[in-house]
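Everything below concerns the one structure shown next.
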Amino acid sequence: MPTLAELGEFEVIRRLAAVRGAPDASIVVDSGDDAAVVRPEPGGLVVLTTDGFVEGRSWRPGWIDPEALGARLAVANLSDLAAMGARPRWALLAAAVRADADVDALVGLQRGLARTLAADGARLVGGNVVAVEHEEAFHLTLVGHVHEGAVWRRAGARAGDLIAVTGHPGRAGAGVRLAARLGDGARDPRFGPLLDAWRSPRSRVALAGALGPLRAVRAAIDLSDGVPGDLAHLCEASGVGAVLDEAAFPDDAALLEAAEALGLPLDALRFGPSDDYELLLAIDPASRAACEAAAAQAAVAFAVIGRCAGDAAARTIVDRAGRERPIPGAGYEHFTRG
Ligand SMILES: [Mg+2]
């Protein structure tokens, strides 16, 4: 395993460039010059996002291999573009690595990143590598396209709109808690779907692309913090409340098992901090069946879990017995929680 210090910056960059994937006609000047030059689609709007992971905070060595970490970094950013209804196109990676880091691991990270971006039509067009003394960090900037009038925003939900989620909210956060609490015990196959949800989240770009033409989505956000916090962001931006239906949540045997193993109520996981990178959508009730069909076609779990309320202060959930209570929990907040 050669280290960065042994190979030197230029050889490392050459090896990284070799795993960026094939260029496409939109790339006028590829990586290798001072900056990349790309050709946006005529008439399209440009959408930009950035998200990153810091060692010890976003991941711990031993929880995830470099290639999966790269794929996860791609999905974290792809998820933001999916939540805007946008098509990802170009990306830049900023890597902060130790001089004694394994170059093969860094190349593996870039391979996972490039492969995951390519599956959604995007490509790395450049990046930067800097040396750090302590924790490593990887930040991706992702640029995409959306047609004017097709942008999804957090604002736009109306009273009566249905609230839908993809996937199984809470699984990724449960996977991290299991890994932290149980160590190797978390490898129990019962917990497999939870560890996978954290380690290998799926991009929802293709589903967003299928939902867009239905004109059914009135507001959208991706679940990067957890249902309560992200739902609150959408509600605040839209000026609506939310009433969820407990019985409408997808059954999740793995989440139940995890709650038992951790000695926590199910709510603590379902509504706990969790970077699932799933979509939370407010949809036109008239388009429910069309949305469900699009999700089934894309083989993505899709559940209508509640409805937007006219009372903007409402944040409640109705249990199976018909009792209403406040939605528990509050999403992950980087600066006030550990
Ligand atoms: Mg987001």
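The values are calculated or read from the model by the stated rules, or taken from the named source; none is laboratory data. The model shown is predicted, which means the values in this text are computed figures rather than measured ones. Please note: Cβ atoms are built from the backbone with ideal geometry, for glycine as well, and neighbour counts cover all protein chains shown. With ligands, DNA and RNA removed, areas are computed over all heavy atoms of the protein, side chains included. Shrake-Rupley method; radii C 1.70, N 1.55, O 1.52, S 1.80 Å.
Only the Cβ atoms of Lys and Arg (+1) and of Asp and Glu (-1) were treated as charged; on that basis the dipole of region 156-247 about its Cα centre amounts to roughly 280 debye. Of all DSSP bridge pairs formed entirely within the chain, close to 75 percent run antiparallel.
What accessible area per residue, rounded to a whole number of Å², is obtained for the chain using a probe radius of 1.4 Å?
With all protein chains present, the chain gives 45 Å² per residue.
Figure legend: label point modelled 7 angstrom from the Cα of Arg115 along Cα→Cβ; residues of region 67-103 with amide N under 14 Å from it are 67-75. Scoring 130-139, 92-101 by mean Cβ neighbours within 10 Å over their residues and listing the highest first yields 92-101, 130-139.
Where both partners of a DSSP beta bridge lie in region 1-157, what percent of those bridges are antiparallel, to the nearest 5?
Values: 23 of 34 bridges.
Of the beta bridges lying entirely in region 1-157, close to 70 percent run antiparallel.
Coordinate range of the alpha-carbon atoms in the chain per principal axis, descending: 65, 52, 35 Å. Comparing Gly149, Gly241, Gly160 in a Gaussian network model of the chain (Cα springs below 10 Å), the most mobile by mean-square fluctuation is Gly149.
Against the chain, whose longest principal axis comes from its Cα atoms, helix 66-82 is set at around 50 degrees. The charge dipole of the chain, taken about its Cα centre with unit charges on the Cβ of Lys, Arg, Asp and Glu (plus for the first two, minus for the last two), comes to roughly 760 debye.
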